[in-house]
Structure formats: structure tokens, C-alpha cells
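The values are calculated or read from the model by the stated rules, or taken from the named source; none is laboratory data. Worth saying up front: this structure is predicted, and the values here are computed from it rather than measured. As a convention, Cβ positions derive from the backbone with ideal geometry for all residues, glycine included, and neighbour counts pool all protein chains shown.
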Amino acid sequence: MDVEVLSRIQFAFTISFHYIYPPLSIGLGLIMVIMEAMFLWTKDQTYSMMARFWTKIFALTFGIGVATGIVMEFEFGTNWATYSRYVGDVFGSALAAEGIFAFALESGFLGLLLFGWNRVKPAIHFVATVGVFLGSMFSAVWIVVANSWQQTPAGYHIVGEGMNARAEITDFWAMVFNPSSVDRMLHVWIGAFLAGAFLVLSVHAYYLIRNRHVEISKRAFKIALVVATVFSFAQLITGHHSADGVAQNQPAKLAAMEGHYDSLAVADLYLFGWVDQDSERVTGVSIPGGLSFLTHFDFEEPVIGLNSFKKEDRPSQVNAVFQFYHIMISIGMALIGLTALGTFLWWRGKLFESKWILHVFAWSVFLPQIANQAGWFAAEMGRQPWVVYGLLRTSDALSKTVTANQVMFSLIMFSIIYLILFILFIYLLNKKIKHGPNDKELIDVRTHQKEIADVIAS
């Protein structure tokens, strides 16, 4: 394989592994804020115990996320030097904003969150939890802004020519609020909330199946189910808005996502299928005119297809883009159905009596993660052959002195290191889950409260 393919594989591998953890941190941050807020409101130690337990899980995901994210910044310089020079002004501003507005906030409160239990007042600890949660969200903001600028560049001008050309910011806020940033930011945030919520649902469903930590698990499960239900439906809305933006700003990507080749014709909406790039045909089950309706609210309105673009200006792996996109949508609809069913059973008072639904929730933890990864792959592969849409091709963004052997060696090295980190993560996560919340502490607290009440009563 040549340098371009290996460099793309290496970056895809590192970012895919890294992207397991930040969504979990953001999602767990929201759940922890809700749990601590419930404790402050009710003074019920059950919520304090579950918040303490999930803080330990949060610390694990946060630590692995930081460790795996550092590598990507070095890859920009080693494998993608031309790209780094071209977008350095844009990325430099976004990453500096992340450090100032996000990482400083997050790291500033992190120590208090992790070690402040029983050392500061509950209200102060709650403020620290909110600070860490907001910091993680702001961190995602600036990363997505930088990536969205690659999808829909705005607020810039080009300085220099040829290999010395680079983009300079002329309007910082136009760069931040480029045409795709808001839709993509909401979509990423909600995907993170779902990842965290389904991890909580999975763990506490496991406890309920095993009849362990029952009281804490029932309450935590309900909190996570509310979050998952609200945001699974909200994701449908943000996904539609994001697709509308792709149709307007990146029509070739939308055509690849739906396997639509005809230059300007009514477009079907495929539920599933397979794209044959040689014959430029899709075999599958579709809704006639469905894509035309979703794009223009008219079943007869034509949609721009891939044949409207030169072959060198369209994604080279159309079937892969199509499959990843449809995997994301299928899982999104499955999450809506699952959370709606869980909410219905809760309303009927049969949620915790139905062991089969608890088993489904226990295994559902993988679904948001797969959907997040598939959506990211569809977005990035659909942008090809551009690394900055319409401005810089991926093939022109490479470092000129790096060889294929060097990239291959570093890819193997990273694979080994990341495998070790993943094994360590699974081992520690399993250990913490098996230990579970500290029920004994909860029992001791309630016993003490009862003794005090008895003394007062007597």
C-alpha cells in the first residue's frame, strides 16, 4: 500500500479508538450531574452513592481518552505536514480555544470532582461536577468546529500559491459558525449523551438481572432511561437537519450516502442495500422518491446525483459510505424503539419484572458506540477526495518525506499499544462493575439516620 492509504488507515485507526472514550465521558458527565442534583434536592444518600460509583467509571474513561487523543496531534505533523501548514491558522485557533475555554475548565474542576467527596460541601462538589461536564462539552465544541470547517470552510482567505498556500482566518466567528458546525455539534453531543446513558442502562440492567444493588440500580436505570429516551428522539431531529445541510453544502456526499447516481433525477430512500460501483446501481429495499421528499418535501423533486461530478471529485468508496450511513440510521431507529418500549413498560409498572428487556438493555451498550463510529466514518469518507472540501485534496495533504515503511511501522506500534490500553480499560472497567456501588456505606448511613431519629423520638 502507498503512503496515502497507510496514512489514512493509521489516522482512522487512532481516531476510532480515541472516539470510544470522549463520548462516554460527556454522556457520563450529564448522568453524574443529574444524580448529584437529585441528591441535593432529595437529600437521599442513594443518589450520592450512585454518583460516587459513576465518578470512578468517568475517571477511567477520561484518563484513557486523554492518553489516546495525544497521538493524533503528532500525526498531523508526521504524516500530514502539507495539511498542517494549510490549516494551521484555523486549527491553531480552535485548539487554542479548546485549551483556554474547555480543558482549563475541565481539568480545573477534575481534582475536586474525584477527590472532593467528604472534603467539601455537597453543593460545592456539585459545582465541580457541572464544571467538568461543561468542560468536556466545550472540548467537543472546538474539535467539531475544526472538523466542520474542513467540511464547509468559511471565514477565511487563501494566502500564497501552490505548495505554499495556506488558509488564514478573516472572521473568527464565521469560522466557528460555519454552515455545518451547529448541526454537527448537536449531533455529536447527543450521540455522546446516548453513549453514556446506555452504559449506565447496561450496567444497572446487569445488576438487576443478578439481583445486586437493586435499590440503587432501579433509580439509576430510570434516570438513564429518561436521558436515553429524550435524546434518542432528539437525535432523529438533529440527524435530519444535518442531512439537509449535507444536501445543500456537500451534494456529492449525500449522493454517496444514498447511492444516488443519476445526474438530476427523483431519488429513492434506501432502507438497506448494496452499491455496485461498476454498474452504478443499488440493490436493496427503498421508498420510491423518499430522498426527494426528505430533501425537498416533494416526492417528484430531482436530487443531484454522483454522475453530476467528475469521478475524481466524488468519493472513491461509495458502498462503504452507503453502508456506514445506513448502519448509523438503523441503530438510531433501534434506539428510539428500545427506549420507547422501556418507557412504556415503566409506565405500565412492568419494567423491572420483564427480565428479557433487561437482558436487551444489558447488551445495548454497544449500539451507540457503533452508531457514533459509523456516522464518523460516513462523514469523513463521504468528504473524500477532499481533506478540506473543495480546497485541498487528501492526496496533496501528505508529508513529502515520510515513506510507506515508516507509516506501516508506526501503525503496527500504535496497534500494539492501543490493544494493551484497551485490555487494561476492559479489565479495570470490569473490576469496578463487579465491585459495584458501595451498598454497605448506604446501609450504614441509613442506620445512623434511623438511630438519630429514634433518639429524637424518645
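State yes or no: is L392 closer than 30 Å to V71 by Cα, touching a helix residue (DSSP H, G or I) at 6+ places or on another chain (Cβ under 6 Å) and modelled with pLDDT of 90 or more? Spelling it out, it is not the case that L392 is closer than 30 Å to V71 by Cα, touching a helix residue (DSSP H, G or I) at 6+ places or on another chain (Cβ under 6 Å) and modelled with pLDDT of 90 or more.
For the range 315-331, the tally of residues that are surrounded by fewer than 21 Cβ atoms within 10 Å (Cβ to Cβ) and either small (G, A, S) or assigned to a loop (DSSP other than H, G, I, E, B) (or both) stands at 4. Give me a count of the residues in the range 150-171 that are touching a strand residue (DSSP E or B) at 6+ places or on another chain (Cβ under 8 Å) and touching a residue at least 24 places away in the same chain (Cβ under 8 Å). Going through the range 150-171 one residue at a time, the tally reaches 9. Of everything in the range 383-432, what is within 29 Å of S25 (Cβ to Cβ), among the hydroxyl-bearing types (S, T, Y) and surrounded by fewer than 15 Cβ atoms within 10 Å (Cβ to Cβ)? Give them in sequence order. Within the range 383-432, S415, Y427 meet the criteria. Being among the acidic types (D, E), crowded, with 19+ Cβ neighbours inside 10 Å and either in a helix (DSSP H, G or I) or at pLDDT 85 or above (or both) is a description that applies to E98.
When the criteria are applied in full, V5 fails the requirement of being modelled with pLDDT under 85 and under 20 Å from E380 (Cα atoms). Residues that are acidic (D, E) and modelled with pLDDT under 85 within the range 139-179 comprise just one, E161.
For the range 195-248, the set of residues classified as touching a Pro at 6+ places or on another chain (Cβ under 6 Å) and either modelled with pLDDT of 95 or more or crowded, with 24+ Cβ neighbours inside 10 Å (or both) consists of A195, F198, listed by residue number. Do we have any residue at all in the range 27-37 that's out of contact with any Ser or Thr (no Cβ under 7 Å at 6 or more places or on another chain), surrounded by fewer than 18 Cβ atoms within 10 Å (Cβ to Cβ) and farther than 19 Å from L134 by Cα? Scanning the range 27-37, I find no residue that is out of contact with any Ser or Thr (no Cβ under 7 Å at 6 or more places or on another chain), surrounded by fewer than 18 Cβ atoms within 10 Å (Cβ to Cβ) and farther than 19 Å from L134 by Cα, so the answer is no. Whenever a residue of the range 37-52 is free of Cβ contacts under 8 Å to residues at least 12 places away in the same chain, it has no partner that is surrounded by 15 or more Cβ atoms within 10 Å (Cβ to Cβ) lying with C-beta atoms less than 7 angstrom away and at least six residues away or across chains.
Taken together, the criteria exclude A205 from residues that are over 21 Å from F101 (Cβ atoms) and under 16 Å from the mean Cα position of the chain (by Cα). Kindly check whether there is at least one residue in the range 383-401 that is of a type in the set (A, V, I, L, M), in a helix (DSSP H, G or I) and either under 16 Å from F11 (Cβ atoms) or free of Cβ contacts under 8 Å to residues at least 60 places away in the same chain (or both). No - not one qualifying residue is present in the range 383-401. So A340 passes all but one of these: (1) assigned to a loop (DSSP other than H, G, I, E, B); (2) touching a residue at least 60 places away in the same chain (Cβ under 8 Å); (3) out of contact with any helix residue (DSSP H, G or I) (no Cβ under 6 Å at 6 or more places or on another chain). Which condition number does it fail? With (1) assigned to a loop (DSSP other than H, G, I, E, B); (2) touching a residue at least 60 places away in the same chain (Cβ under 8 Å); (3) out of contact with any helix residue (DSSP H, G or I) (no Cβ under 6 Å at 6 or more places or on another chain) applied to A340, the lone miss is (1).
Those helices (runs of 4 or more DSSP H) of the range 208-307 in which 2 or more residues are in contact with a helix residue (DSSP H, G or I) (Cβ under 6 Å, 6 or more places away or on another chain), without any contact (Cβ under 8 Å) to a residue 40 or more places away in the chain and more than 30 Å from M49 (Cα to Cα) are absent. Take the residues in the range 339-352 that are of a type in the set (A, V, I, L, M, F, W, C) and under 10 Å from L225 (Cα atoms), then tell me which one is surrounded by the most Cβ atoms within 10 Å (Cβ to Cβ). Ranking the qualifying residues of the range 339-352, first place goes to W346. Only one of the numbered conditions (1) of a type outside the set (A, V, I, L, M); (2) at pLDDT below 90; (3) within 27 Å of V182 (Cβ to Cβ) is violated by G284, and that is (3).
If the condition is being more than 23 Å from the chain's Cα centre (by Cα) and of a type in the set (F, W, Y), then the range 88-117 contributes F115, W117.
Being within 18 Å of N147 (Cα to Cα) and among the hydrophobic types (A, V, I, L, M, F, W, C) is the filter here; which residues of the range 386-421 pass it? Answer for the range 386-421, where residues must be within 18 Å of N147 (Cα to Cα) and among the hydrophobic types (A, V, I, L, M, F, W, C): W386, V387, V388, L391, L392, A397, L398.
Take P368 and decide whether it is in contact (Cβ under 8 Å) with a residue 40 or more places away in the chain, closer than 27 Å to T68 by Cα, surrounded by fewer than 21 Cβ atoms within 10 Å (Cβ to Cβ) and not basic (K, R).
Against the criterion (in contact (Cβ under 8 Å) with a residue 40 or more places away in the chain, closer than 27 Å to T68 by Cα, surrounded by fewer than 21 Cβ atoms within 10 Å (Cβ to Cβ) and not basic (K, R)), P368 does not qualify.
Give the range 107-152 a look and list any residue that's touching a Ser or Thr at 6+ places or on another chain (Cβ under 6 Å) and either surrounded by fewer than 17 Cβ atoms within 10 Å (Cβ to Cβ) or assigned to a helix (DSSP H, G or I) (or both), or say none.
Pass one, the range 107-152, residues touching a Ser or Thr at 6+ places or on another chain (Cβ under 6 Å): 113, 136, 145, 148, 151-152.
Passing the criteria: L113, S136, V145, S148, Q151.
Scanning the range 42-65 for residues that are within 20 Å of K434 (Cβ to Cβ) and among the hydrophobic types (A, V, I, L, M, F, W, C) turns up M49, M50, A51, F53, W54, I57, F58, A59, L60, I64.
Only residues that are over 25 Å from the mean Cα position of the chain (by Cα) and in a helix (DSSP H, G or I) were counted across the range 23-76, and they come to 10. Only one entry of P385, P368 meets the criterion of being farther than 23 Å from V188 by Cβ and of a type outside the set (S, T, N, Q), and that entry is P385.
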